[in-house]
Each structure stands twice: as structure tokens, then as C-alpha cells.
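Working notes, structure below.
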Amino acid sequence: MSQRRVAVAVAVLLLISAGVAGAGLPTVTHDGRPYVELKRVAAAHGDAELEASPAGTRARLRVPGHVVTFTRNWAQILVNDTPLVLDAPVRVKRGVWLVPESFVGRVLPGLAPGVAVVTAQAGPGAPAPAVTLAELRFRSYPSFTRVVVETSGLLAYRIERQGPKEARIRLIGLAARAQAAEIRDGFVDEVRLERAGVDALLRVVFEGTAGTTRTSTLTDPHRLVLEFGRPTETGPRQEELMPLRTIVLDAGHGGHDPGAVGPTGLTEKGLVLDVTRRVARLAEEQLGVRVLLTRDADYFVSLADRTSLANRARADLFVSIHANAGRQTRADGVETYFLSSEATDSEARQVAALENGVVPLEGPPGRGGATKDIVKTILWDLAQSEFQTESSRLAEIVHDSMTQTLRIGNRGVKQAELYVLGGAAMPAILIEIGFVTNPKAERRLKDASYRDEIARAIVAGLAEYKRNWDQRKRAARAPSLVTKRR
Ligand SMILES: [Zn+2]
């Protein structure tokens, strides 16, 4: 309960303090953005206590009544237990923890000692924020249904009711017309937005019984993300303890979208389909897993349909296979991506732009101009916190396997805003197996035995990840055995 009140309070405080300058702390520039040293933030605050080891993954800042948790390379922080996304990721440079300056200007003021967080809820005396609804959207996943309320500004909300048949969320001061949408995904029946004085009331009607509700707020653009989890059977979820069973392999592009094209005409769509088929055959033989392909011939599949297939099949992993295009013909090597709001570097950003480029071909006519924004919001509804750690683990293992066995340059594991990975409700990576635009690489990529080598290297990586996964699941099942032995 208190968690929810804090969430409301943080949202409101952000609104109040937006635009307030940092507390005169010196900034350093990183990736072209202003950052502040976390230890200076703590020192300037007075009552703050900081736990931040140079080699650690997480840092904690305690101020009276609040704990803020930072994760290395993540834009998402936790204020008490409420996720909040900053405009840039937290970085650690030479052992020094750096936070985006926006944390000092926009989040910290709400955590000052003596600030009565709860009283910040909008009341009769509070200025009425003119927040309007930009879009209400939904997405169904195997284990939860997501409702996203995108607004023109920061939105305060309050969960008023969480019954077995219905959840009611008051969206404070939100200007929006009444509307209703049928979801009928076997869990959520419908979502209605109603007027309630100056507020709007979001009503989520369940078909059966409600499960858990998780909320988070995201910025740029402002969104309230509500995730309604399906009720689970009693005890630990069987699914969560199962060995790795299903992998979806996604051969990039296809049909009218050729992807990258080499100097002598090798197309990415043809190359990656062949490699993907080889990976599929080997993975089924060697790993004993079920392998599904998003396409098994030369036809067009939208990016959203690729991950929808994986979600419907309740796949454990999603692996997208692509080949690169370089501005310079000498560019060569393998790189492996997982999803992040922040591209590793300008090259990674360029790869994302190329791989996302198909999106304008997909959307309904007339919305093309807004494509970039659509990509951004769909991606960040996900927050990706659930799968980002696993995706990076998968990326590291598969990438290592490839660079160790193939005679090819290592361009590293990278992060970028890759739309195709955004819809996956499971760990997901995208592999760029080589540059078709490099004449030497193109020649090698045409060779069937080299394609086999690539496939074997990918499967060896998947095998290692599966061993690692199965071991962890066994360990999770083990406690009962341990107590018996004692
Ligand atoms: Zn591609």
C-alpha cells in the first residue's frame, strides 16, 4: 500500500520540481550528456548515506525515509520500490559512479529531509496540472496484460480498488474523453476510461480473477504502465522451474525487405534465412529443444508479428539473426545486441536505425511520420527490467562462442534500441553475423561450409546458455532435497 502512495508522491514531486536546476554540483560530460558524481550528490545532501563500490553492479543512496537504488548502465532506478526511468543510464567510469544531472534536478528534491511526501497528492489547494491523454494502449503477454496510459505530462494516480473482478485506478487531473476497449485475451475482459469530476477513472475488468498488479512510471514520453499478472497456481510457478524447452529463431527481413545487399548482390534476407535454418536443425539435434522459425521462406513478416509468435508459443528465448551493412566497405566482424534505450556508441545507433528501418513499411498508412516516436514508446513500455539481465547474459555467451571459433573480428556485445526485440516477453538477442557490404566478407558468407561454421558456433553458445539455465532451475528446485538430507 505505502509503495503505491510513494509512487503517486514521486510522480507529483517530479512535476513540482521539474526545471529546478541542480544543486550547484559540478558536472562531467559523458556521451554528450551532463553527469554528476554520486558521492558528491550524497555529500551535498547532508543526511545521506551512500553504498557504492567501484566494482559493484548496484549502488544505494539512503536519505531519511527513502532508499534509491542505482544499477550500473541502467537508466531505470528504484525510488524505494518504485521504478523510475532517468533520461540517461547510470554510468561507472574508472570506479566513479555517475548519475545523470536530471536526477539531481528532478528526483532528489522530492527526497529532501522533511518533505512530506504524502501530502504532495493533488488536493483542492494544489494547482490543477493540465495533463491530457495522448494514447491508451494494451498488449497481451502469456503471463500478464499491460495497459499503458501515455500522457502529455507527469500523471499522478491512485489505485482505488483492486477487487477480484475489477481494478480501479484514479488518474488525477487527467483530461480525457470516456472510452472503452475490449481486450478479451482470456484474462482482461475490457478496459474503460470514465470521467470522475476533474479526474479520469481507469477501470480494468477481469474475465476471471485478478492476479497481481505492478505499476511504474516512465518519462519521455510520460507514461503510466500497469501490468496485470495472471493468477498463478499455488506454490512456485512450475514454468519458472522448467528446463529450457523452446527457442524462437528469427531470420531477419524477407519478402519486399531485402535487408543489407552486398557488392555482388548477396542479400541479407537470403543469407540469414539459410543460416537460421542451419541453426534450427543443429539446435534440435544437439539441444533437444523445440525450435520455431518466424519465417521459413522468402516472405515479409512484420517486426511485431515476430515476437508475437514467440510470446504465443511461450518461448524461452528469442534469437534474431541478421547481417550487417557498413558505411565503410572495410567494416568486418561479428556483433551481438540486446535491447537498451541507450545505444553503446554511434555505430550501434546506426545499426538500430537500419534494422528498425522496415517499420515505416509496416504501419497503417498516414502514420508514417510518427514512426520514430511509435518505435520509442512501444520499446519503453517494456522497461525491459525483467529480461535485460538474462538477455545480456545470453548475448555474452553466444557472442563469446562465435568469436572464439570463427576467424572473424570481434566487435563486441552491444546495446541499442532494436524494435524487433522490444516485443519479446523473454530474453532476446540480435546477432549480426558479418558484413555483407564488405567484399571479402561477402565472398566468405556465400560459402556453405562457412555458414555451417557460424551455425555451429551459435548453437554451441545456445548449448552453454541452456546448461547454465538448467543448472539454475535445478538449484531453484533443490532446497527441499537439502533439508531432507539434513
Ligand atoms: Zn538486418
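The values are calculated or read from the model by the stated rules, or taken from the named source; none is laboratory data. Predicted model only: the values in this text are computed from it and were never measured. Reconstructed Cβ throughout: ideal geometry from the backbone, glycine too, with neighbour counts over all protein chains shown.
What to note about this one:
- Residue check for ALA370: modelled with pLDDT under 90 and either out of contact with any Cys (no Cβ under 8 Å at 6 or more places or on another chain) or part of a helix (DSSP H, G or I) (or both): yes
- Only one entry in ALA416, ALA428, ALA463 is of a type in the set (A, V, I, L, M, F, W, C), at negative phi, more than 16 Å from the ligand (Cβ to nearest atom) and within 25 Å of the chain's Cα centre (by Cα), namely ALA463.
- Residues satisfying the stated conditions in the range 306-329, i.e. of a type in the set (D, E, K, R) and either within 16 Å of the ligand (Cβ to nearest atom) or not assigned by TED's automatic domain parsing to the domain that holds HIS253 (or both): ARG306, ARG327
- Any hit, the range 258-272, residues being farther than 16 Å from ILE433 by Cβ and in contact with a Phe, Trp or Tyr (Cβ under 9 Å, 6 or more places away or on another chain): no
- Residue ID - nearest to ASP257 (Cα to Cα), chosen from residues in the range 330-344 that are more than 15 Å from the ligand (Cβ to nearest atom) and of a type in the set (Asp, Glu): ASP332
- The sole residue among LEU50, LEU84, LEU78 that is modelled with pLDDT of 85 or more and out of contact with any Pro (no Cβ under 9 Å at 6 or more places or on another chain) is LEU50.
- The residue that is surrounded by the most Cβ atoms within 10 Å (Cβ to Cβ), among those in the range 241-271 that are within 10 Å of the ligand (Cβ to nearest atom) and part of a loop (DSSP other than H, G, I, E, B), is GLY252.
- So ILE458, is it in the same structural domain as LYS414 (by TED's automatic domain parsing) and part of a strand (DSSP E or B): no
- Of all residues in the range 238-274, those being in contact (Cβ under 8 Å) with a residue 60 or more places away in the chain and in contact with a strand residue (DSSP E or B) (Cβ under 9 Å, 6 or more places away or on another chain) number 20.
- Filter result for the condition that a residue is touching a residue at least 60 places away in the same chain (Cβ under 8 Å) and among the charged types (D, E, K, R), over ARG306, ARG277, ARG295: ARG306
- Qualifying position, being in contact with a helix residue (DSSP H, G or I) (Cβ under 6 Å, 6 or more places away or on another chain) and of a type in the set (D, E, K, R), among ARG170, ARG158: ARG158
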